[in-house]
Amino acid sequence: MKTLKFLIIIGIVSLGLYSFDKLLQEKWDIPEKYVKMKNPTYANQENLAIGKALYIKHCKSCHGKTGIGDGPKADEFDTDIGDFSSREFHEQTEGEIFYKSYIGRLDMPNYQKKIPNPEDMWFIVNYLKTLEEFLKTQKRKS
Ligand code: HEC
């Protein structure tokens, strides 16, 4: 009985350490299913307009008008909020961007309740893809 108690305590402690470690880690742990996910929507003008409107409503307060992370609420966190105009940002798959935007973590809110239709989040992802700085000088590949 004593051993069992001891084992349970060890279990709880290591679980705690494990999640603490997760909090400290900077890299996102994104399930393979999302990494490979294909955007089910098209980035036509109409969809981009919806994406932009949703971005302004839900995301601008932290990520800023141009997505560089200078929204009025961005100062409330120590976390690096990211830069949607950077090359690093656009090097990830759309599925990764979708996961981070929709599921979130820590200071980055989860939007599954606020934006119940995942398609709306894909419209935002389309819009985020237009914020790429270096594409202004380079032709888009796809
Ligand atoms: C309350 C402030 C806040 C709001 C509102 C917010 N975010 Fe974030 N976001 C953050 C923070 C903080 C991070 C960094 C989180 C981390 O790395 O742990 C982040 C990170 C991200 C990232 C990852 C950036 C990267 O470099 O890969 C994406 C994508 C993102 N947010 C999309 C969105 C979208 C889309 C919306 C609106 C639907 C939104 N965020 C609304 C605070 C916010």
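The values are calculated or read from the model by the stated rules, or taken from the named source; none is laboratory data. Please read all numbers here as calculations on a predicted model, not as lab measurements. Here the Cβ positions follow ideal geometry from the backbone for every residue, glycine too, while neighbour counts run over all protein chains shown.
Being more than 7 Å from the ligand (Cβ to nearest atom) and part of a helix (DSSP H, G or I) is the filter here; which residues of the stretch 55-73 pass it? Result: Ile56, Lys57, Lys60. Among the residues of the stretch 95-114, none qualifies, meaning not one is more than 7 Å from the ligand (Cβ to nearest atom), modelled with pLDDT under 95 and not in a loop (DSSP other than H, G, I, E, B). If you filter the stretch 74-94 down to residues that are more than 8 Å from the ligand (Cβ to nearest atom) and charged (D, E, K, R), you find that the one that is surrounded by the fewest Cβ atoms within 10 Å (Cβ to Cβ) is Asp78.
In the stretch 92-110, the residues that are farther than 16 Å from Tyr127 by Cβ form Cβ pairs under 8 Å with partners that are more than 8 Å from the ligand (Cβ to nearest atom) and modelled with pLDDT under 95, at six or more places apart or across chains, as follows: Leu106/Leu23.
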